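Note sheet for the following structure.
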Amino acid sequence: MERSISPDSVMLLKTAQAAGVTTAWDRYETQLPQCGFGETGLCCRHCLQGPCRIDPFEVTGPKNGICGASADVMVARGLARSVAGGTASHSAHAKHLAHTLLKFSRGEATDYGIKDQAKFYAVLDRVGIARNGKSDQELAGELAQLALDEFSEREETPVWLKTTVTPGRMTKFEELGLIPPGLDSAVAEVMHRTTNGVDADAVNILLGAIKCAIGDYTGMYLATDLSDILFGTPTPVMASANLGTLKENAVNIAVHGHNPVLSEIIVAEAMGMEQEAQAAGASEGINLVGICCTGHEVMMRHGIPTATNSLSQELAIVTGALDAAVVDYQCIMPSLPDVAARYHTAIITTMPIAKITGATHVQFEEHNAGEKAREILRLAIEAFKKRDPTRVNIPPVTNDALAGLSAEAIVNVLALVNPDDPLKPLIDNIVNGNILGVCLFAGCNDVKVTQDKTFVELVKALAAENVLILCTGCAAGSFARHGLLTPAATQKYAGDGLKAVLTALGQAAGLDGPLPLALHTGSCVDNTRAAGIAVALANKLGVDISQLPVVATAPEAAMEKAVSIGTWAVAMGLPTHVGVVPPVTGSPVVVEVLTKAAKDLLGGYFIVEPDPQAAVAKMVAALKERRKGLGI
Ligand code: BF8
Ligand code: SF4
């Protein structure tokens, strides 16, 4: 199998091979053939009597685990724990932001502030905090406390859930008992009910997983809100992509991970340290780039280039030009120090819960954020001095990428066409068929499939069918690397109807051409921005999200976080495609519930289809079915 179609990845994989550097792709090969029990979800280690496995064909091997768990129960429990893992990750990210806001309100985090007062007030209004002449600092404290209350068990519906979904969804969630008891409690409940001897009904376990995923949605919405308040709501910005954004004559520093609490301060402090970098011999000073979602956070807000994605993160080091990778948490390969040991790159961990053996740890805390950021930047400058110029091998590949299309930014562009009723141009063009529907691209690259291939094939085919594309996280990174976040891509690949709409919007926005083929709406936690647009459309039309011609896809999904997002997308009522088969095929009941019964229950359902052309056909059919339901 081809490893990647990303030209910079392809080039550096050869360099890595020649240098004897092992990457994720090599390690994947050492794992083959992967365990069939695990692949089908028929493996359990939830108690010390295990591991237990079940014969997927139930021929000669065991039909149950030692405790009696059936194939259906085992698969459902495993999937539910993945959802809990994803939810815990997003919720911890959200909680971190709430703590930062709280510390700011107490005067304990002076490097932070309210960057977007309009959003701050809009969120306060939405969650029901009256301003009553209070100072921003006091209000920030109240908001942070309300946010932190969302995590623990209480009797009320989480505020960030009930104030952000359609009335129809809320009724449905209440009827089905799917209101999470609190964000951390939702995770704890899944861990409890999936341990030995608790929930042994596959359908009930899956409902528990969906409830937890709705908690995931809630935490993600909260995270995006607080990030925008603290760091600014993104507005359109021209940036660039690929590993060619590293510079031979600069101190190259990658911010990598997920939470802007650290990377925003690094960005702010880097400006003041240009001279130090130049004094060290870097004529172009400091060059910040992003990897993974932290990269998208700073790309959306500052136009910082996105260098690469999670799967190809090691290749940034193989350029020989990366002086430091500053990491916070999530999607950071434990292998980074091993690869870096072959070069001069400093791997700098910053979070107490995310250390890596072999890395340099600089504990980052909000009360001395600026000082710690400068310490980190100095480590990078020191590392630059050790760079071996003869090993620098930066691929000559860069692409322009327009980013910063938050929900607010998209509404602002639409308002240029119709200031009184911004959503109307979008709705009119969906009704008249210029736009067939909307597709949200999300999720990771996965070593099991050729990097970016499914992403690129799907987006081109869907755009040709006049599907409006939104994208986040590694999906956005993939499109950026292939020049698909550009007006030129719209000219080349969009169907006539979509092209006309994107051109009219691009002109209204003062661009030289149309809006990009895919609208970059943010990092993975920002998938809720797309949900927000769908909710606004549904409310305006007086329907539920499950009736809208909107689909989601994670064609190269890898992480537990993608599983939890996919599950809440289904809960929100979206047909949701995944291109990598998740470990559920060992259970006919789980497959049936996720791909069929969920449709009757929630309107959303999973479409599991690795073949890109077949996936496009299924997504287009789902959009047409929705249009028919609406009579358009
Ligand atoms: O949260 S898409 S590989 S980087 S999990 Fe990770 Fe997947 Fe990328 Fe961002 Ni999202
Ligand atoms: Fe085996 Fe049951 Fe224990 Fe899982 S919980 S390891 S199936 S005995």
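The values are calculated or read from the model by the stated rules, or taken from the named source; none is laboratory data. What you are looking at is a predicted structure, and each value in this text was computed from that prediction instead of being measured. All Cβ positions, even for glycine, are placed from backbone atoms using ideal geometry, and neighbour counts span all protein chains on display. We work out accessible area using only protein heavy atoms, side chains counted, and drop any ligands, DNA or RNA first. Shrake-Rupley method; radii C 1.70, N 1.55, O 1.52, S 1.80 Å.
For Leu541, the accessible surface of its heavy atoms amounts to roughly 80 Å² (probe 1.4 Å, protein chains only, rounded to the nearest 10).
For region 512-616, with all protein chains present and a 1.4 Å probe, just round the carbon and sulfur fraction of the accessible area to a whole percent. With neighbouring chains kept in place, the figure for region 512-616 is 62 percent.
So, with a 1.4 angstrom probe, what is the percent of accessible area on region 243-391 that is carbon and sulfur? The computed percentage sits at 49. Karplus-based coupling profile of region 615-632, in residue order and whole Hz: 5, 4, 4, 5, 5, 5, 4, 5, 5, 5, 4, 5, 4, 4, x, 8, x, 10, with θ = phi - 60° in 6.51 cos²θ - 1.76 cosθ + 1.60 and x standing for Gly or Pro.
Rolling a 1.4 Å probe over the protein chains gives Tyr343 an accessible area of about 40 Å². The phi torsions of region 30-45, fed into the Karplus equation with coefficients 6.51, -1.76 and 1.60 and a -60° offset, translate into couplings of 5, 8, 7, x, 6, 4, x, 5, x, 4, 9, x, 9, 9, 9, 10 Hz, rounded to whole numbers, with Gly and Pro shown as x.
For region 12-56, the solvent-accessible area works out to 60 Å² per residue, with a probe of 1.4 Å and every protein chain left in place.
Taking θ = phi - 60°, what integer Hz values does the Karplus form 6.51 cos²θ - 1.76 cosθ + 1.60 yield along region 478-488, in sequence order, with x for Gly and Pro? After applying 6.51 cos²θ - 1.76 cosθ + 1.60, I find 4, 5, 4, 5, 10, x, 9, 9, 9, x, 4 Hz.
Keeping the other protein chains in place, figure out the carbon and sulfur percent of the accessible area of region 56-144, with a 1.4 Å probe.
Heavy-atom surface of region 56-144 belonging to carbon and sulfur, 1.4 Å probe: 50 percent.
From the C-alpha coordinates alone, can you work out the Kirkwood hydrodynamic radius of region 394-454, in Å? Walk me through the intermediate numbers first.
On the way: mean 1/r = 0.0665 Å⁻¹.
Value: 15.0 Å, from the Cα pair sum.
Sparsely packed loop sites in region 1-80 (the trypsin sites (Lys or Arg not before Pro) outside DSSP H, G, I, E and B with at most 13 other Cβ atoms within 10 Å) comprise Arg45, Lys63. Take every pair of alpha-carbon atoms less than 8 Å apart whose residues are at least six positions apart; their mean separation over the length of the chain yields a relative contact order of 17 percent. Skipping prolines and chain starts, which residues have an amide H placed within reach, meaning under 5 Å, of the one on Asn287, given they are 5 or more residues away or on another chain? Hits under the 5 Å cutoff: Val251, Asn252, Ile253.
Distant-in-sequence amide contacts of Ile607, defined by a placed amide H-H separation under 5 Å and a gap of 5 or more residues or a different chain, comprise Thr576, His577, Val578.
Obtain the radius of gyration and the Kirkwood radius of the chain from its C-alpha atoms and give Rg over Rh.
Numbers: Rg = 23.6 Å, Rh = 24.8 Å.
Computed over Cα atoms, the ratio is 0.95.
Taken per residue, the accessible surface of region 87-137 reaches 45 Å², heavy atoms only and a 1.4 Å probe.
By DSSP, the beta bridges lying fully in the chain are antiparallel in about 15 percent of cases. Structural size metrics of region 265-381, computed from C-alpha coordinates, are Rg and Dmax of 13.4, 36 Å.
As an equivalent ellipsoid, region 31-120 spans semi-axes of 47, 13, 11 angstrom, where each value is the square root of five times an eigenvalue of the C-alpha gyration tensor, largest first.
When shorter helices are ignored and each DSSP H run of at least 4 residues is given -39500 (n - 2.57), the per-residue value for the chain at 222 nm works out to -15500 deg cm²/dmol. Take the Kirkwood radius over Cα pairs of region 71-231, plug it into Stokes-Einstein at 20 °C and 1.002 mPa s, and you get 130 µm²/s for translational diffusion. Taking the empirical scaling 2.2 N^0.38 Å for compact globular proteins as reference, region 494-623 has a Cα radius of gyration ratio of 1.16.
Quick one: compute a quarter of the convex hull surface over the Cα atoms of region 403-630 and quote it in nm². Don't skip to the end; give the middle numbers.
Details: hull surface 44.8 nm².
Projected over every direction and averaged, the Cα hull of region 403-630 covers 11.2 nm².
Once the cut-off is 23 Å, how many percent of the Cα-Cα pairs in region 185-342 end up in the long-distance tail? Above the 23 Å cut-off, region 185-342 has 49 percent of its Cα pairs.
Solvent-accessible area per residue in region 243-391 equals 32 Å², computed with a 1.4 angstrom probe and all protein chains kept. Once the mean of 1/r is taken over each pair of separate Cα atoms and inverted, region 285-341 shows a Kirkwood hydrodynamic radius of 11.7 Å.
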